[in-house]
Amino acid sequence: MERTHNRAISLALMLGAVFAYTSCTSEEPSTPQPAPRPKSQYPPTARPDTVAHFRADMEAERHPSDGGGTVALVLEEGDDGSVVASGLRRWTFHFTAGPEGIQPGGAMYFQTSPFWGWSTPQTIRPFQPGYTTVSLVGQAEDDELNLEPMSLGPNLMSVQIGGRALKEGEVLEVIFGAGESLARGDRHAEEGSTFWFAVDGDGDGVRKLLENCPKVDIHAGPPRHLVLTLSSVVRPDERPRLTAALLDGTACTGVQAKGRLEVQLQSADGAVGPIITVAFDGTGEGRRTIELDPLPLGVWRAIGEITLGDKPLRATSNPLLCDPVKERIRWGDLHGHSQLTDGTGTPDAFYTYAREVAMLDFSALTDHDHWGMRFVDQHQELWEGLQAVTNAHNDPGVFVTIVGYEWTSWIHGHRHVLSFSDSATMFSTLSEETDDPAELWSALEGTPSMTIAHHSAGGPIATNWEFPPDPVLEPLTEVMNVHGSSEAMDSPSLIYSPLRGNFIRDVLDRGYEFGFIASGDSHDGHPGLPHISPYYNYRFPTETRAAQVGTGGLAAVYTEELSRQALLRAMRDRATYATSGPRALLYATLGGEPMGARSSSLRGDATLQLSVHASAPVRSLELIRSGEVVDVFSPESFAWDLEHEFSLSGLEGGEYVYVRIQQLDGGLAWTSPWFIAAD
């Protein structure tokens, strides 16, 4: 059995190095792995060994006994197996061997979700969480059958079969949390969190997941956040919407709380509206959306407070602009993950959260082509189901959903692919026909699609900018997400593992032209709000310190019409800007040209006019010109709303200009650049 043990450990360590967790589609295959190209041909952060492993896994043959058997969660009457987020309890499973059994040298595998804090099943420390026991059920001690459980790495254990085969119909009892410390559940509320079981039936080192693994629900914890969200830009005759959401400490919805929320609207010039009372009665999902009366012209914010027990929760909303002519600003999160791959929560819950909690205007769930527990590019039914859920939530004019996935290249960097139609083909990075960016763009040519590079300056893997982005299919780039900012080395909230020379500003210096957006890349099931999770660096307020927002991202798009087609047109026109999550309203022109413009008329002298309505006091406005911060304006007072002009002289063809905005609470925003054309 030594060979099987070594393979299992090797796999766990390899995948742990890639993402700090295992990805359990199979045991490391025994078939020869394809030889990777010479490393000198790859970008600095490329991981060709990872790609070789995944391709070999696809080609590995499964024995009929692999993935055989069934497993059931054993529950007492009245118990559904659920737990509160991060809660402790014990779970008992019965695994029944399938028709082929498990031969000596084979193994059964048990894995908790490798994301978001589940205890690792472990067999050697009875007094620590996750202690797991395995025994044969329903018959006397069998000296010939040897069960050898062992932990293989984060969240993964195996039960090696020795002596004789585990026969068809024989049952193994697995008790997860068998010790007094029990086992810890997911940090996040979600429906149907899966306990994964797999079988290597013939002992060749290749395993396969069981078809129907047990699932349990994780419930939200007590309320710690009050989030107020207003419509962003409305006309004088329109009724704005206000969403009030009570969320737990990791921004999960589903909080059960009783209390009366009092909200008052205040304008930037000091006017106040009537007090609005919203009742929470301890039922439902802990969120309410109401329509308000039309508002006078100007900038408005909602300020609210609710006392739950003896603890008050307070919040100030995003700014709302009531104006008869200003362009509409639509908010979206175009990049996130669900339990379908390496996130938490169902695809349906992802879109429900986007619309009903975060009050987004548009969203895209972009689960990986291959990553997580089951690879979507190898299970067409998963891809079809994801498209069906996305289309079911699409409601033009109210909330737009966009079909998408993440093209997860461990050589050239990650891009999410968006399709502005009801269906799309998933082009996998494991296919030799679409494993580099040029091949991907060729496959997408002529379709209503878009690709967006993300965490391009570092993080899990940096973008290979040696492939000049297609100007039609990739007109935008993601400057910020939960991994941090890829804008420039001097950017606040800098991305981890940064690669010098690979920042967005570096490639703008090379002549590439992008509009800016941001999106979450959240894996917590909270599109639009990952920046209020402590796991993405949010800091709760204290008596001596105001709240500090974490990392995240939102895309702001200027468009009157809210539809897939209108969003595609606006994004291809670079009518966009980016924030790290907070909803600052930005209006800006350079020499009369809108953000994202490319014009020769900007040569010479020009004035950049900027209007900012922030979600917290503004710390600074920074003017970036062709790779350098050339001017900084810092308001003397705690200004939430301000107008400012930057004067530029001697602009030449090939230059670019944009503005970075910093708030005192750590919130960030970036205008899209203006590009000065040579002719």
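Computed quantities for the displayed model
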| read-out | value |
| --- | --- |
| Checking residue 581 against (1) without any contact (Cβ under 8 Å) to a residue 60 or more places away in the chain; (2) crowded, with 20+ Cβ neighbours inside 10 Å; (3) outside any strand (DSSP E or B), the condition it does not meet | (1) |
| Check on residue 345, crowded, with 24+ Cβ neighbours inside 10 Å and within 21 Å of residue 250 (Cβ to Cβ) | yes |
| Per-region count, region 40-73, residues surrounded by 15 or more Cβ atoms within 10 Å (Cβ to Cβ) and under 16 Å from residue 216 (Cβ atoms) | 2 |
| Strands (runs of 3 or more DSSP E) wholly inside region 402-463 that include at least 1 residues being free of Cβ contacts under 8 Å to residues at least 40 places away in the same chain and within 14 Å of residue 377 (Cβ to Cβ) | 403-409 |
| Residue within region 503-512 that is in a loop (DSSP other than H, G, I, E, B), buried (at least 22 other Cβ atoms within 10 Å of the Cβ) and in the same structural domain as residue 444 (by TED's automatic domain parsing) present | yes |
| Condition check for residue 519: closer than 30 Å to residue 190 by Cβ, under 15 Å from the mean Cα position of the chain (by Cα), part of a loop (DSSP other than H, G, I, E, B) and modelled with pLDDT of 95 or more | yes |
| Residue 294 vs. criteria touching a residue at least 40 places away in the same chain (Cβ under 8 Å) and either exposed (fewer than 15 other Cβ atoms within 10 Å of the Cβ) or out of contact with any strand residue (DSSP E or B) (no Cβ under 8 Å at 6 or more places or on another chain) (or both) | yes |
| Flag for residue 247 being in contact with a Lys or Arg (Cβ under 8 Å, 6 or more places away or on another chain), touching a residue at least 40 places away in the same chain (Cβ under 8 Å) and on the phi < 0 side of the Ramachandran plot | yes |
| Members of region 300-332 that are surrounded by fewer than 18 Cβ atoms within 10 Å (Cβ to Cβ) and either touching a Lys or Arg at 6+ places or on another chain (Cβ under 7 Å) or among the β-branched types (Val, Ile, Thr) (or both) | 303, 305, 307, 316, 324, 325 |
| Filtered residues of region 475-531 (kept if farther than 28 Å from residue 249 by Cβ and among the aromatic types (Phe, Trp, Tyr)) | 503, 512, 514, 516 |
| So residue 133, is it among the β-branched types (Val, Ile, Thr), outside the structural domain of residue 346 (by TED's automatic domain parsing) and part of a strand (DSSP E or B) | yes |
| Qualifying position, being crowded, with 17+ Cβ neighbours inside 10 Å, touching a Pro at 6+ places or on another chain (Cβ under 6 Å), farther than 20 Å from residue 429 by Cα and modelled with pLDDT of 95 or more, among 95, 110 | 110 |
| Unique match (being surrounded by 22 or more Cβ atoms within 10 Å (Cβ to Cβ), more than 18 Å from residue 364 (Cα to Cα) and charged (D, E, K, R)) among 445, 487, 432, 466 | 487 |
| Verdict on residue 159 being part of a strand (DSSP E or B) and buried (at least 19 other Cβ atoms within 10 Å of the Cβ) | yes |
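Conditions (1) under 28 Å from residue 328 (Cα atoms); (2) of a type in the set (Lys, Arg); (3) touching a helix residue (DSSP H, G or I) at 6+ places or on another chain (Cβ under 7 Å), marked per residue:
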site	(1), (2), (3)
239	yes, yes, no
256	no, no, no
279	no, no, no
298	yes, no, no
311	no, yes, no
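The values are calculated or read from the model by the stated rules, or taken from the named source; none is laboratory data. These numbers come from a predicted model, not from an experiment. Don't worry about glycine lacking a Cβ; one is built from the backbone with ideal geometry, like all the others, and counts go over all protein chains shown.
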